[in-house]
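Below: one structure, written as C-alpha cells.
Nothing in this text is a laboratory measurement; each read-out follows from the coordinates by a stated rule. All values reported here derive from a predicted model rather than from experimental measurement. Neighbour counts run over all protein chains shown; Cβ positions are idealised from the backbone, glycine included.
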Amino acid sequence: MSESNKQKSSYLQELLTTKDIVICSGAGGVGKTTISAALGAVSAHKCKAKVLVLTIDPAKRLSSALGLAELGNEEKLVPSNHLEKAGMQDFQGELWAAMLDAQQSWDSLVRKYAPSDEVVDKILLNPIYKNISSRFVYSHEYIAMERLYEAYSEKKYDLIIVDTPPTRNAIDFLKAPERMADFFSSRLLRWLTVPSRSKIMSFASRPFYQIADRVLGTKFLSEISEFFLLFQTMYPGFISRAASVQQLLHDSKTTFIVVSTLDSVPMHEAESFITELEKQNYQLGAIVLNRVLPKMFSDPSRIKLAKNISQDPDLVEKLFFEEQDLDPDQLDLDRQSIKTVFKEVANNFLNFSALALKEQSQKDNLKTTDKVVIEIPFLETELNDVEALFQLGKHLWE
C-alpha cells in the first residue's frame, strides 16, 4: 500500500471511530446503500462497536444485502453467526439495520407531540391525515430527520450511518426541519385554520365553504381546517425538535461522506452538494469515488501496445508466436481468427482507456479540494451479500 493510501485508510478509520453520525450522500445509482452497509459492517467488526445502518432510501437493497427478510422502522439485529460466516471471525460488535417507514414514523411523532390522547385520536382518524403525511412536500425528508434524531437520542449506538435519498433530494433532507417550522408559522396555515378558530370568520366564510364542498366533496375544506388546527397544537414540539435536529447536523460528532462515480452527471451532483454543504457549514469528512477503472487502462505503455495491435494485427503473431517459437498450426489455431480476436481485445482496451483518461481528468479537478478522496475500484462481482459487503468494507478500512 502506498503512503498516500495508508494515510487515507487511517483517516477513514479515525472518522468511523470518532464520529457518532456518518451521513452518506450522493446521486442515485452510485452505490450509497452498499457503501453505507459496508462501512457499518466493518466498523462493527473492527471497533467491536454497536452500529446502526439507517436507510432513508425506500429501495430495499439494504435488507437483501444483509441477508434479512425485510426491514422496517424498527431496528433489526444482523445475527452474529451470519456475519462470522461472511468472514468476520470472532465478531464481537453488533450490526443493526432499519429502513424508514414514513407513515409509522409520523404516527409515532403525533403520539409524542400531541397535547392529549383525544387530539392524537382525532389526528390519526382525520381522513386528510394519511394523505397529507405521505404526500406533503418535505414530509418524507422531515420525518427522516426525526427518525435519525430519535435513534441518536436513545444513545443505544456507538455509530449511526445514514443512507440518504439521492442528492437531488438530499438538500431537501437537510432543510426539511427549517422548512417545516416555517410552514407552521406561515400565513397559509393561519388562513386555513381561521374559520375553526373564529366564529365570526366561520360565519363569514360559510358560503365559500359550501361552494367548495359542492365542488371538492362534502366537508373537504372543513376537514382540512380541522386537521391543521389539530396539527398546530404540536407546533412547540416541532419547532423545538427542528432546532435540535439542525444543531445535531452541525455538531462536530456528525460528518458527511459524499459518494459518487466518475461519470459526468453524478460528479456534477456531488460537486454541487459539496458546495452546498460547505456553504451551510456542515462537516464534509470524505469523498468516496466508486467503480473507478483500474490504473492499467491509463498506463501509457499498455495504451501504446493496444494501439499497435489494433493498427497492425500481424504484430500479434510476431509478439506471441515467433518470439515464443510457437506454431499456430500445430496448436490447431486459425491465424486469421487469432488476429481478429486480439484486435477486438485491443480495441476494447482502448475504449476503456478513453474512459479511464476521462475519469483521470475528473479526479484532477477534485484535487483542488482539501478533502480526502478515497477510490473504490470497479468490481466484477455483484455486492449483494454480507461477505461481499465485508470485503468492500475491508478495502475501505485497510
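The gain in end-to-end length when the residue 70 to residue 117 segment is fully stretched comes to 13.8 nm, 0.36 nm per residue minus the alpha carbon separation. Database remark: amide H of residue 53 closer than 5 angstrom to the amide H of 96, 97, 98, 161 (H placed geometrically; neighbours at sequence offset of 5 or more, or on other chains; Pro and chain starts carry no H).
Here the gap between residue 178 and residue 379, fully extended at 0.36 nm per residue and compared with their Cα-Cα distance, gives a gain of 68.3 nm.
Between residue 104 and residue 240, full extension at 0.36 nm per residue minus the direct alpha carbon distance yields a gain of 46.8 nm. Put the Cα centre of the range 255-318 next to the Cα centre of the range 80-112 and the gap is 33 Å. Electrostatic tally near residue 20: other residues with Cβ closer than 9 Å to its Cβ, Lys and Arg +1, Asp and Glu -1, net 0.
Evaluating 6.51 cos²θ - 1.76 cosθ + 1.60 at θ = phi - 60° for every residue in the range 274-287, the Karplus couplings come out as 4, 4, 5, 4, 5, 5, 8, 6, 8, 8, 8, x, 6, 10 Hz, glycine and proline recorded as x. Close amide H pairs (under 5 Å, H built 1.01 Å from N) link residue 101 with 73, residues at least 5 positions away or on another chain.
Per-residue 3J(HN,Hα) values for the range 100-107, derived from phi via the Karplus relation 6.51 cos²θ - 1.76 cosθ + 1.60 with θ = phi - 60°, read 4, 10, 4, 5, 4, 5, 5, 4 Hz in sequence order (x marks Gly and Pro).
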